1. Roughly how many nanometres apart are two label points built 7 Å out from the Cα toward the Cβ at Gln309 and Arg162?
2. Which net charge results for the neighbourhood of Thr330, defined as the other residues with beta-carbon distances under 12 angstrom from its beta-carbon, given Lys and Arg at +1 and Asp and Glu at -1?
3. Where does the charge balance sit around Phe206 when Lys and Arg score +1, Asp and Glu -1, over other residues with C-beta under 13 Å from its C-beta?
4. Given the Cα-Cα distance of Lys362 and Gln285 and 0.36 nm per residue of separation, how much length would full extension add, in nm?
5. Got a sec to turn the phi values of the range 223-236 into Karplus ³J(HN,Hα) couplings, 6.51 cos²θ - 1.76 cosθ + 1.60 with θ = phi - 60°, whole Hz, x for Gly and Pro?
6. Dividing the alpha-carbon Rg of the chain by 2.2 N^0.38 Å yields what?
7. Want the number for Glu187 to Lys355: 0.36 nm per residue separation, take away the alpha-carbon distance, what's left?
8. Apply the a/c threshold of 1.5 to the C-alpha gyration tensor of the range 215-331 and tell me whether it is rounded, prolate or oblate.
Amino acid sequence: FSSGLTAMEKKLAEYKCNTNEAIQLKLVRFPEDLEDDNTTFNPEYSHQVFGDDEVAFGYKGLKILLYYIAGNLSTFFRIEYTSKVNEKFDCVEADDVESKIREIIPPGFCTNTDDFVSLLEKEVNFKPFGMLLHTYSIHNEEAGEDITYQIYKADMTCPGFREYHERLQTFLMWFIETASFIDVDDERWNYFLVFEKYNKDGATLFATVGYMTVYNYYVYPDKTRPRVSQMLILPPFQGEGHGAQLLETVHRYYMSSPTVLDITAEDPSENYVKLRDFVLVKLCQDLLCFSPVKLMQGFSQEMVMEAQQKLKINKQHTRRVYEILRLRATNMGDAEQSRSYRLDVKRRLIGPYKKKQRELAKMRRCLRPEEMTNQLNQIDLNMQREQLEESFQQLVSDYRRVLERLAQA
């Protein structure tokens, strides 16, 4: 009996598929892209749709095809598999994969390739939404030419944008760990979109590269504080510098507005922080308050004021910019200079520790005899020193990467 159970379990295990591998995404420009494996990419995450295990049960050789026309993102959706569990397996039922996907993709998708290809022919009519903010080009090694990209600001009043955005936001589920869909009826959302211009049969077409959503918080009495909520550059375009172009363009857009106080971000990822460091340092490096002489005199109110007024950068981010630029101006081989830099950064890092320290001390006064408190504080201090040194080294290596990227820019 027990061996029978394991055989059954084995059999069932064969019907489990990793959904990150099963889901195949494409951005299609030409009919031949449909057959070309090089145009396929997979999700980084599927737990929001398929649970923490990222597994679909009940199929062998499961493929979940989600193809999008490169520009307007018209969608093709189909499920393929080599076999599926049936009633012969006592009481087990295959997962309803289709309804799980239907929950996040808007209705009106194609289910056969012919319909999809005929939509592809109409793609020449697709134009970006909203107002053009910025045009830039990047040299593409493969194509051996410069490719032109454009960034637009759109809102829900643009005809067709609401439907387009519904299709676009489905990508968040696959590439942002804690993604959620936003309330598009709230008018305080701004949308910034990146498109690539490409040629097809002598016509110029546009392909979706990525986008950012920003929410305008109201600040009493007459200001707003834009907060970056979501930002995604689609995988085929990652690592080409589009994120930096987009973030800088968004900053410049808000810089020109007298009612904007400063720009923040909601729960930023590590990659976003690195990107922001680079963009903000690039914007700030020419401000007078960040001249090498002033950097050596320490972080000042003048830096906070100037970065906020001219570039809409908040105090916390200005402090990081200062530390990065000061690192660039510091000769770390000089014992005196490097010690002064280290103390300056550690003084900021130790802030939260000190606060915690005070809270702990308060608690312990109530709970424990005096000598015990001292011992514990001693242990804490040693640990704290190590952690502090570790945090400092990590920061310096992050900062150096920003400076390297800046030197190449």
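1. Each label point is offset 7 Å from its Cα along the Cβ direction, giving 4.3 nm.
2. +1
3. That works out to +2.
4. Stretched out fully, the Lys362 to Gln285 stretch lengthens by 23.4 nm.
5. Result, rounded to whole Hz: 10, 10, 10, x, 10, 5, 9, 10, 8, 9, 9, 5, x, x.
6. So the chain has a normalised radius of gyration of 1.23.
7. So the extension gain works out to 56.5 nm.
8. Cα axes put the range 215-331 in the oblate bin.
Bear in mind that the values in this text are calculations on the coordinates, not laboratory data. Computed from a predicted structure; not experimentally measured. Ideal geometry is used to build each Cβ from the backbone, glycine not excepted, and the neighbour counts take in all protein chains shown.
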